[in-house]
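Input: a single structure, listed below in structure tokens.
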Amino acid sequence: MFRSLHPNIRIRIYTSFMSRMIGSMIFPFMAVYFVQEMNAAIAGILMMVNVIIQFLASLYGGHLADRIGRKRMMVLGEAAKAAAFIGMVLANTPSFTSASITFAMLMVISIASGMIMPAQEAMLIDVSTQETRAYMYAINYWANNLAMMIGLTIGGWLFQDYMFQLLIGLVVMSIITMAITIMFIQETYTVRTTAGEKKDLGLKSLFRSYRSVGRDRAFLLFVLSGIAILSLEFQRSNYLTVRMEKDIAEMSMSIFGFSLSVDGLRLVSLLTVENTLIIVLFTGLVTKLIKGHNERLVMYTGFILFGAGFAIMAVSNSPFLLAAAVLILSLGELMYVPTRQSMLADMVDDTKRGTYMAFHGFVFQFGKLIGAAGIIMGESVGKYGMGFSYIVFTLLGILFCEMALRQRYASVKRVPPKEKTKLI
């Protein structure tokens, strides 16, 4: 089935895999770099600014993707990233290091990445069909997780001593990705214009585009649903990590005959590895099992498993029960991610896909915000209160999603895809 996908999809999966693998050897460790070169407070502020800038850039990038086309945005972004990667190499040679220049280049990369992402997402929707989208997103999700697992493993061992060499590898991969984009990616969107509209790329046009998205009540409800569910994901690196570090004392464990000394933080690391391995190993199987079934039912089942797994993680200190919880939430993740992405593609206005996909970025930003707030909330309500809140967020995710889908399908006077014989 992979060969039946549009060439653009296959190319993006290949290039995204290689770029993400190399990038995962470097970017997750940049906070450590800035702490070493500056201090923890400045490093924290710089990384927060970096996230905000990338999100703002994605809003404008989504607008431009609907104004000048997908491929043009992708080529411009890849060129900017390649130039910034070269700048990072020059700022981190064996004889010269500049954290300030490195951060400036990181900002350029974040802006370029933010500009590219909505165009990439819109392009994937352009060249896929309702029948192939769940499979496409499942394969892309699998490839991204495998790339991150490989990259994080290698980067954890090599970043401190071989950052310069890793940056050179990133430059080479960026240039290859740019060349492939120029030569092989096909433009998928014909810009629809009225008199003078094509040249209107300023803030007034930007605000006008997002005002129209803001009036799409069904899409806003779908975004709220995504925020509720994804906020659980970001609890893993916030409240749950803090709780396990505090509550779980060092212990001895035997894994496949090997004896390990594990504390709370190491257990978090092992559970993260378990989650990634399950996704990498079982994406194909789960995708095959859910194919042809009611997408809405599959997605809601995934939500419930995902929320239940995190609720157990919020209250348990047993390594084996925590491992079981990760298995449960990972299966939920495998069920809901591709089906929700497929439904997202069906929710957006075909003439404003770039703008819609950029607006959907609020899911990740607010998810991160709620995830960070979980640390403060956990101090007030305790672990059982947090476990209960995860169940509430799961139910809100289902409620908002159901309201969004009912309103969308009612507004267009049709039934959901693949549900023509059985309405919920």
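Annotations for the structure displayed:
- Residue tally, condition under 26 Å from the mean Cα position of the chain (by Cα) and free of Cβ contacts under 8 Å to residues at least 12 places away in the same chain, over segment 375-394: 2
- Pick from segment 76-95, criterion outside any helix (DSSP H, G or I) and over 11 Å from residue 105 (Cβ atoms), ranking: least open to solvent (accessible area, probe 1.4 Å): 93
- Contacts under 6 angstrom Cβ, first residue in segment 210-226 being farther than 15 Å from residue 395 by Cα and of a type in the set (Gly, Ala, Ser), partner assigned to a helix (DSSP H, G or I) and open to solvent by 40 Å² or more (accessible area, probe 1.4 Å), 6 or more apart: 218/407
- Being under 17 Å from residue 176 (Cα atoms), out of contact with any helix residue (DSSP H, G or I) (no Cβ under 6 Å at 6 or more places or on another chain), modelled with pLDDT of 80 or more and of a type in the set (D, E, K, R) is a property that holds for residue 10.
- Count of residues meeting criterion [surrounded by fewer than 23 Cβ atoms within 10 Å (Cβ to Cβ) and modelled with pLDDT of 85 or more] in segment 129-141: 2
- Residue that is nearest to residue 337 (Cα to Cα) [pool: residues in segment 293-308 that are in contact (Cβ under 8 Å) with a residue 60 or more places away in the chain and of a type outside the set (Phe, Trp, Tyr)]: 299
- In segment 274-292, the residues that are closer than 21 Å to residue 150 by Cβ and open to solvent by less than 30 Å² (accessible area, probe 1.4 Å) reach residues that are among the charged types (D, E, K, R) and not in a helix (DSSP H, G or I) with C-beta atoms within less than 9 angstrom, at least six apart or across chains, in these pairs: 275/236.
- Just one of the numbered conditions (1) in contact with a Gly (Cβ under 7 Å, 6 or more places away or on another chain); (2) open to solvent by 50 Å² or more (accessible area, probe 1.4 Å); (3) modelled with pLDDT under 80 is not true of residue 204: (1).
- Which listed residue is on the phi < 0 side of the Ramachandran plot, surrounded by fewer than 19 Cβ atoms within 10 Å (Cβ to Cβ) and in a helix (DSSP H, G or I), from 314, 372: 372
- Here 38, 73, 117 are screened, and the one residue that is crowded, with 19+ Cβ neighbours inside 10 Å, among the hydrophobic types (A, V, I, L, M, F, W, C) and either more than 22 Å from residue 368 (Cβ to Cβ) or at pLDDT below 80 (or both) is 73.
- Exactly one residue out of 153, 188 is open to solvent by 70 Å² or more (accessible area, probe 1.4 Å), over 22 Å from residue 87 (Cα atoms) and modelled with pLDDT under 90: that is 153.
- Segment 105-114: number of residues that are out of contact with any Leu (no Cβ under 9 Å at 6 or more places or on another chain), open to solvent by less than 20 Å² (accessible area, probe 1.4 Å) and in contact (Cβ under 8 Å) with a residue 40 or more places away in the chain: 1
- Residue check, residue 299 crowded, with 18+ Cβ neighbours inside 10 Å, over 21 Å from the mean Cα position of the chain (by Cα) and part of a helix (DSSP H, G or I): no
- Cβ separations smaller than 6 Å between residues 6+ apart or across chains give the following pairs from segment 48-61 residues that are open to solvent by 20 Å² or more (accessible area, probe 1.4 Å) to residues that are not in a helix (DSSP H, G or I): 55/361.
- Flag if residue 332 is surrounded by 22 or more Cβ atoms within 10 Å (Cβ to Cβ) and touching a Pro at 6+ places or on another chain (Cβ under 8 Å): no
Residues checked against (1) without any contact (Cβ under 8 Å) to a residue 60 or more places away in the chain; (2) under 27 Å from residue 345 (Cβ atoms):
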{"position": "66", "(1), (2)": "no, yes"}
{"position": "76", "(1), (2)": "yes, yes"}
{"position": "85", "(1), (2)": "no, no"}
{"position": "92", "(1), (2)": "no, no"}
{"position": "103", "(1), (2)": "no, no"}
{"position": "119", "(1), (2)": "no, yes"}
{"position": "133", "(1), (2)": "no, yes"}
{"position": "139", "(1), (2)": "no, yes"}
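- Subset tally (residues that are assigned to a helix (DSSP H, G or I) and either open to solvent by less than 50 Å² (accessible area, probe 1.4 Å) or closer than 13 Å to residue 136 by Cβ (or both)) for segment 4-29: 17
- For segment 242-285, the candidate set comprises residues that are modelled with pLDDT of 80 or more and basic (Lys, Arg); within that set, the residue that is nearest to the chain's Cα centre (by Cα) is 243.
The values are calculated or read from the model by the stated rules, or taken from the named source; none is laboratory data. Note that the coordinates shown come from a computational prediction; the quantities given were computed from them, not determined experimentally. Please note: Cβ atoms are built from the backbone with ideal geometry, for glycine as well, and neighbour counts cover all protein chains shown. Accessible surface areas use protein heavy atoms only, side chains included; no ligands, DNA or RNA. Shrake-Rupley method; radii C 1.70, N 1.55, O 1.52, S 1.80 Å.
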